[in-house]
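To start, the structure under review is shown below, and the notes come after it.
The values are calculated or read from the model by the stated rules, or taken from the named source; none is laboratory data. Only a predicted model underlies this, so the values are computations on that prediction, with no experimental measurement involved. Neighbour counts run over all protein chains shown; Cβ positions are idealised from the backbone, glycine included. These accessible areas exclude ligands, DNA and RNA; they are computed on the full protein's heavy atoms, side chains included. Shrake-Rupley method; radii C 1.70, N 1.55, O 1.52, S 1.80 Å.
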Amino acid sequence: KASLSGSPIIITLNNIEDVTKINIDGVINQKFINLVLDENWGSKIIGEASWNGEVNIKDKTTDIVIKSDLKGLGLNLPSPFRKNENELMTFSLTKNSINENQEEIEVEVGTYAFAKLIRKQEGGRKIINGLVNINSLSTEMPEEGVKLSAEFSEVNLESINSLLSSIPGNSIITDANINIKEFNVYGYVISNANIKFAPTNENISVQILYND
């Protein structure tokens, strides 16, 4: 037994031919989220859920699979990520080696959120390109950069800013196309908003179109 970010985990290890296989069983709870993100995110968490993972280590590559049904974990987050403790919401994260210098990372949440990133070992780990979909069926993978395509029924700008500002590091998103049916901007509701943004040099270019 051990702990990961303050939460208990159970680790078993086996060697099968040239592969070292590590199985991990752990728990996601408020304490875990507080340490991984911060208390702002942790305050949105109720209860706990179990997860299991498998790590396969070869000579020059490492592959990872992490899965959970998030049962027992309540999420007070914007739709579609909001759920009560008894609801099931599948979560999976996989990291597969393409070769010894390149890997593919995929994340799935339920049937409505999917991310695919290609990362390369190039003076440190660097994301080359990727696609993030939320309630979107976009399948166009950019040649470089990470594209976000999202559809939301409602978004509160103040709540989203509070959560996003507490994520460490810079955003990996280089291009975004977001449609929001009801966009609450500090009490003023904008209907059918379309938001596009992309970084330009040291700034971010943002365009908001709407019908009101």
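Within the range 31-51, does at least one residue satisfy the condition of being of a type in the set (Gly, Ala, Ser) and in contact with a Ser or Thr (Cβ under 8 Å, 6 or more places away or on another chain)? There is at least one residue in the range 31-51 that is of a type in the set (Gly, Ala, Ser) and in contact with a Ser or Thr (Cβ under 8 Å, 6 or more places away or on another chain). Taking (1) farther than 25 Å from Glu39 by Cα; (2) small (Gly, Ala, Ser); (3) open to solvent by less than 50 Å² (accessible area, probe 1.4 Å) in turn, Ser153 satisfies each apart from (3). The numbered conditions (1) in contact (Cβ under 8 Å) with a residue 60 or more places away in the chain; (2) under 27 Å from Asn129 (Cα atoms) are all true for Val55 except (1).
Across the range 49-63, the number of residues qualifying as in a strand (DSSP E or B) and either farther than 21 Å from Pro8 by Cβ or open to solvent by 40 Å² or more (accessible area, probe 1.4 Å) (or both) comes to 7. Taken over the range 69-102, residues that are in contact (Cβ under 8 Å) with a residue 40 or more places away in the chain and open to solvent by 50 Å² or more (accessible area, probe 1.4 Å) amount to 2. Would you check if there is a residue in the range 13-20 being at pLDDT below 85, out of contact with any strand residue (DSSP E or B) (no Cβ under 6 Å at 6 or more places or on another chain) and open to solvent by 40 Å² or more (accessible area, probe 1.4 Å)? There is no residue in the range 13-20 that is at pLDDT below 85, out of contact with any strand residue (DSSP E or B) (no Cβ under 6 Å at 6 or more places or on another chain) and open to solvent by 40 Å² or more (accessible area, probe 1.4 Å). Of the residues making up the range 37-54, at least one is of a type in the set (Asp, Glu), touching a Leu at 6+ places or on another chain (Cβ under 8 Å) and at negative phi. All of Ile128, Ile46, Ile66, Ile105 fail the test of being part of a strand (DSSP E or B), touching a helix residue (DSSP H, G or I) at 6+ places or on another chain (Cβ under 8 Å) and either surrounded by 15 or more Cβ atoms within 10 Å (Cβ to Cβ) or at pLDDT 90 or above (or both), apart from Ile46. When the range 33-42 is filtered for residues that are open to solvent by 40 Å² or more (accessible area, probe 1.4 Å) and under 19 Å from Met89 (Cβ atoms), the ones remaining, listed by number, are Val36, Leu37, Trp41. The residue of the range 31-86 that is farthest from Lys21 (Cα to Cα), among those that are β-branched (Val, Ile, Thr) and in contact with a strand residue (DSSP E or B) (Cβ under 6 Å, 6 or more places away or on another chain), is Ile46. In the range 183-194 there is no residue matching the filter, namely being under 25 Å from Ile105 (Cβ atoms) and either of a type outside the set (D, E, K, R) or at pLDDT below 85 (or both).
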